[in-house]
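Structure first, then comments.
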Amino acid sequence: KNEVEQSPQNLTAQEGEFITINCSYSVGISALHWLQQHPGGGIVSLFMLSSGKKKHGRLIATINIQEKHSSLHITASHPRDSAVYICAVPTGGGADGLTFGKGTHLIIQP
Amino acid sequence: DAMVIQNPRYQVTQFGKPVTLSCSQTLNHNVMYWYQQKSSQAPKLLFHYYDKDFNNEADTPDNFQSRRPNTSFCFLDIRSPGLGDAAMYLCATSREVVGPRWSNEQFFGPGTRLTVL
């Protein structure tokens, strides 16, 4: 079954900084999900990608299938970007579901 | 707007008293999921419905059951909640298309936070 590692676990940065969150997984996948969870619990799907790069506003996600690695970047970070960012991949090994990383707790200070 | 709705947002129950959490969707997605997320942990899949086909995860306790009476609604029943069942319960949906499963974007509801006294 797939295992997911995210880094860093916690990240505090100043407004405007360029943010990078990393995710690595152990088993080849068909797609990787980046999710955002705000205090209070709701989860929003940011990206689902299987190759290359996707961009949405100030968010950019990249994936390297050969290296089993993905990154989420935030440009010109803002305090409203403060949230937990979670990487998830198909569990694999015949099991259903997604395996989630433990998340990166991001705080952007004004 | 099309969305995933969970009710209630906060639920308090007593130890051993059955509780039902509800999820509805206006996306007309054929797959619905229930996840459990305990404090400071990653979400964990409990079960999912592919249309009417129920798929239970191997390690989901028997205490947890689910019903999907139609495409739009899915319920999570906890028959005898224990203190360890206090968690955020997340419902999600996806539209399964041809291709590898789990490669479809999932849309999450806001969650129901369950407290067990």
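Of the strands (runs of 3 or more DSSP E) lying entirely inside the range A:42-84, those carrying at least 1 residues that are of a type in the set (A, V, I, L, M, F, W, C) are A:43-49, A:59-64, A:69-74.
Among the residues of the range B:55-70, which ones are modelled with pLDDT under 90 and under 21 Å from B:E105 (Cα atoms)? Those that are modelled with pLDDT under 90 and under 21 Å from B:E105 (Cα atoms): B:N55, B:N56, B:E57.
For the range B:45-55, a tally of residues being in contact (Cβ under 8 Å) with a residue 12 or more places away in the chain and within 14 Å of chain A (Cβ to nearest Cβ) returns 7.
Just name the residue that is farthest from B:R9 (Cα to Cα) out of those in the range A:40-61 that are in contact with a Lys or Arg (Cβ under 7 Å, 6 or more places away or on another chain) and within 10 Å of chain B (Cβ to nearest Cβ). Across the range A:40-61, the extreme among qualifying residues is A:F47.
With respect to the conditions (1) in contact (Cβ under 8 Å) with a residue 12 or more places away in the chain; (2) surrounded by fewer than 20 Cβ atoms within 10 Å (Cβ to Cβ), B:A58 lacks only one, and its number is (1).
Any residue at all in the range A:76-90 that is surrounded by fewer than 16 Cβ atoms within 10 Å (Cβ to Cβ), out of contact with any Cys (no Cβ under 8 Å at 6 or more places or on another chain) and of a type in the set (S, T, N, Q)? Looking for residues that are surrounded by fewer than 16 Cβ atoms within 10 Å (Cβ to Cβ), out of contact with any Cys (no Cβ under 8 Å at 6 or more places or on another chain) and of a type in the set (S, T, N, Q), one finds none in the range A:76-90, hence no. Within the range A:85-97, restricting attention to residues that are more than 17 Å from A:G41 (Cβ to Cβ) and in a strand (DSSP E or B), the residue that is modelled with the lowest pLDDT is A:A95.
For B:I78, the criteria (1) buried (at least 21 other Cβ atoms within 10 Å of the Cβ); (2) of a type in the set (V, I, T); (3) within 14 Å of chain A (Cβ to nearest Cβ) hold in every case but one, which is (3). Please tell me if B:A87 is modelled with pLDDT under 95, closer than 30 Å to A:N10 by Cα, of a type in the set (A, V, I, L, M) and out of contact with any Ser or Thr (no Cβ under 6 Å at 6 or more places or on another chain). Answer is no for this residue.
Report whether or not B:L27 is touching a residue at least 24 places away in the same chain (Cβ under 8 Å) and within 13 Å of another protein chain (Cβ to nearest Cβ). For B:L27, the condition - touching a residue at least 24 places away in the same chain (Cβ under 8 Å) and within 13 Å of another protein chain (Cβ to nearest Cβ) - is met.
When the residues of the range A:91-110 are filtered to those that are touching a residue at least 40 places away in the same chain (Cβ under 8 Å) and surrounded by fewer than 17 Cβ atoms within 10 Å (Cβ to Cβ), the one that is farthest from the other protein chains (Cβ to nearest Cβ) is A:P110. Within the set B:Q106, B:Q65, B:Q41, B:Q14, the sole residue that is out of contact with any Gly (no Cβ under 8 Å at 6 or more places or on another chain), surrounded by fewer than 20 Cβ atoms within 10 Å (Cβ to Cβ) and facing chain A (nearest Cβ under 9 Å) turns out to be B:Q41. Considered as a group, the residues in the range A:7-39 that are outside any loop (DSSP other than H, G, I, E, B), away from every other protein chain (no Cβ under 12 Å) and without any contact (Cβ under 8 Å) to a residue 60 or more places away in the chain include one that is farthest from A:P110 (Cα to Cα), and that residue is A:S24.
The values are calculated or read from the model by the stated rules, or taken from the named source; none is laboratory data. Nothing here was measured: the structure is a model prediction, and the numbers come from that model. Note that each Cβ is placed from the backbone with ideal geometry, even for glycine, and that neighbours are counted across all protein chains shown.
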